[in-house]
Every structure is written in C-alpha cells, then in structure tokens.
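First up is the structure itself, then whatever we jot down about it.
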Amino acid sequence: MKLKVKNLYFGYKKSFKVLKDITFSLKQGEIFTLLGPNGSGKSTLLKCINKLLKPQKGVVFIGDKNINELNEKELAREVSYLPQEHNSSFPYTVLDIVLMGRAPYIGLLSSPSKKDVMMAKKAIETVGMTDLINKPYTELSGGQKKLVLIARALAQDAEILLLDEPTNHLDFKNQYVILSRIKKLIKNRGLSAIMTLHDSNLAMIFSDKVAMLKNGKIIAYGPVEEVMNERNLKELYEMEIEIFNIENRMIVLPKLNTLTER
Ligand code: ADP
Ligand code: MG
C-alpha cells in the first residue's frame, strides 16, 4: 500500500464533527477520487493527509511510515499538494511559482539547480503554459493560475499527488486534457493520486477508485464501476439522477424537472 488512512477523525475547534472514522487505502499507480457535496469534508481530508491539519484521532501511513514521523521536507518529497484556492499578492512569475515546487530539494541558502529549472519547465509544458512562463502570476486568469499550481505540484516530483479540485476554473477542453496528462504521468511513473472532483462524469473517466463523502463520512467506497451507480449518487447529492450508456460510455445527468421541488 502506498497510502493508508485509518479511523481518522477531525474537527475544527476540538470536536470530531468534520471527518468521522475515515478509512481507505491507495495503491501505487491508483487514482482515487473523493466526491461529495460542498462542505462534506474533502478539502479537510486532504489537509489532514498533508499535515496542514492534525486529526484528533486516527493515523495516516505513507508506505509503512506514520506521517507524524516525517518532517516537512521529507513529507514534501512524498506528497505534493494542489490547494483548492491559492492567492499570491507578490508578482512572482509563472516560472518562480513552479520552482517553489522544487523547494524540498533545494538547500536553505542555495538557488535552484539546472535540474530544478528543467523540471519546472517540463511541468509548465505539461500544463500548456510555456508561452506565459515569464508572466506575473498575479496577472493570470483563474484557470491559468490553476494550471500553474498544477505544474508546481507536478514539479515537486512526489509519489503521491493530492489534488484539490484540479479542474476547478479550467475550460471544457482543459478539464479533459489536464486530467488525461496527469493520468498518463501517474500510470507511466507509477505515482498515485487522491483528487477531489465535482463532476461525476470526469470521475468515472479518470478514477480507478472512488469514495463518496457525505457529512464527513464515507458512504460508499470502491472501484469506480461498483460505486458510481444511481443509488449512491442519489444518496450523495440528494437529487434525482439518471445514468445513460451511450456508445459504452456511462453519462450521469440530473433529472431536471425534479430540481425545483423542495
Ligand atoms: P469540502 O472541501 O468538501 O467542500 P471542507 O473540507 O472545506 O469541505 O469543509 C468541511 C466543513 O468544515 C464545512 O462545514 C466547513 O464549513 C468547515 N470548515 C472548513 N474550514 C474550516 C475552518 N478553517 N474553520 C472552521 N470550519 C471549517
Ligand atoms: Mg473543498
């Protein structure tokens, strides 16, 4: 197992209310997607795995190591993290921001090596931002910022990617292009990823495993073919949905005429 979360409980302000008894594991090469309504605890869970938050109960293992035994730099070499939102008020360039992903490999008083710059440029190319490499981050659109942060996470070159809403702000094409490229990297290099998505259709195309999080609890967990069904999605979002099979692709759609009922 690459990553294991066991009986994790978390609450802001010392209650256990936001995440309740979360248990799952991630194998090498696997893409694991968290689905759930706004406020269900997806971002909180990723932050617990990245040690930005400390769970009141439970453990997170990377390989056979408890993450509490890893210092910040050690953890950053194992896990890279794409935050849901990120703002910088200082006009760093695209290249500067992506180079920050190389920090776990750069000594305290050293500057980035040729390899660091090369890795950063490669990650920028992967997300299609090479033309804007010297542009200030503060002058980018929401979607372009997201792409730069994805590049930063890729440049970090960790074995586990935590991607919080990687497709948020991306245009229709880029949602597919970027997830396809991330998936290819994961499969080719034997990495693993946990990501959060809001689009069930993207989740079905790009995930191996899915967990449905509702009010801080996992209500369904398993291979995508088993978990993504009408019953589970209906329970998760409390809405009427239908799944269609069109040319061997499963498509989730809401039943529109039921949406205004209260
Ligand atoms: P999701 O990512 O699934 O939309 P979050 O993990 O961001 O959900 O939030 C889960 C719950 O925790 C929500 O009820 C939210 O209001 C609460 N929450 C998130 N961040 C904080 C915080 N910094 N302080 C207190 N409560 C928070
Ligand atoms: Mg979130």
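When Lys and Arg each count +1 and Asp and Glu each count -1, what net charge do the other residues less than 10 Å away from Gly36, Cβ to Cβ, add up to? Combined, the nearby Lys, Arg, Asp and Glu give +3. With 20 Å as the limit on Cα-Cα distance, the pairs of Lys6/Lys54; Lys14/Lys57; Lys187/Lys234; Lys115/Lys187; Lys122/Lys146 that go past it are Lys187/Lys234; Lys115/Lys187. As a proxy for reagent exposure, ranking Tyr221, Tyr12, Tyr81 by other Cβ atoms within 10 Å from fewest up yields Tyr12, Tyr221, Tyr81. Sequence-ordered 3J(HN,Hα) estimates for segment 108-122 from the Karplus curve with 6.51, -1.76 and 1.60 and θ = phi - 60° stand at 3, 9, 8, 9, x, 7, 4, 5, 4, 5, 5, 4, 5, 5, 5 Hz, glycine and proline given as x.
Over the chain, DSSP H runs of length four or greater, each weighted -39,500 (n - 2.57), average out per residue to a 222 nm ellipticity of -9500 deg cm²/dmol.
Largest GNM mean-square fluctuation across Leu70, Leu202, Leu162, computed for the chain with C-alpha springs under 10 Å, falls on Leu70. Going toward the positive end of the dipole of the chain, with +1 on Lys and Arg Cβ and -1 on Asp and Glu Cβ, which of Gly107, Pro91, Phe24 do you reach last? Highest projection toward the positive end goes to Gly107. Summed over all non-identical Cα pairs, the Kirkwood treatment of segment 91-131 gives a radius of 10.5 Å. I'd like the distance between the alpha-carbon centres of segment 83-100 and segment 20-65, rounded to an integer number of Å. Segment 83-100 and segment 20-65 have Cα centres spaced 25 Å from each other. Expressed as an acute angle from 0 to 90° and rounded to the nearest 10, what is the orientation of the C-alpha long axis of helix 142-155 relative to the principal long axis of the chain? Helix 142-155 and the main axis of the chain meet at about 70 degrees. Protection proxy ranking, highest mean first, for peptides 150-157, 210-217, 191-198: 150-157, 191-198, 210-217, where packing is the per-residue count of other beta-carbon atoms within 10 Å, averaged. Other residues lying with their Cβ under 13 Å from the Cβ of Lys2 contribute a combined charge of 0, Lys and Arg counting +1, Asp and Glu -1. D for the chain, whole µm²/s, Stokes-Einstein with Kirkwood Rh over alpha-carbon pairs at 20 °C and 1.002 mPa s: what number? So the translational diffusion coefficient is about 111 µm²/s. Close amide H pairs (under 5 Å, H built 1.01 Å from N) link Lys214 with Ile219, residues at least 5 positions away or on another chain. The translational diffusion coefficient of segment 70-111, from Stokes-Einstein at 10 °C and 1.306 mPa s with a Kirkwood hydrodynamic radius over alpha carbon pairs, comes to 133 µm²/s.
Averaging the Cα positions of each part gives two centres, and for segment 104-156 and segment 200-262 these lie 34 Å apart. Neighbours of Gln84 by Cβ distance under 9 Å: Lys/Arg scored +1, Asp/Glu scored -1, total -2.
Read the figures in this text as sums done on the coordinates, not as results from a lab. This one's a predicted model, so the numbers in the text were calculated from it and none came from an experiment. Please note: Cβ atoms are built from the backbone with ideal geometry, for glycine as well, and neighbour counts cover all protein chains shown.
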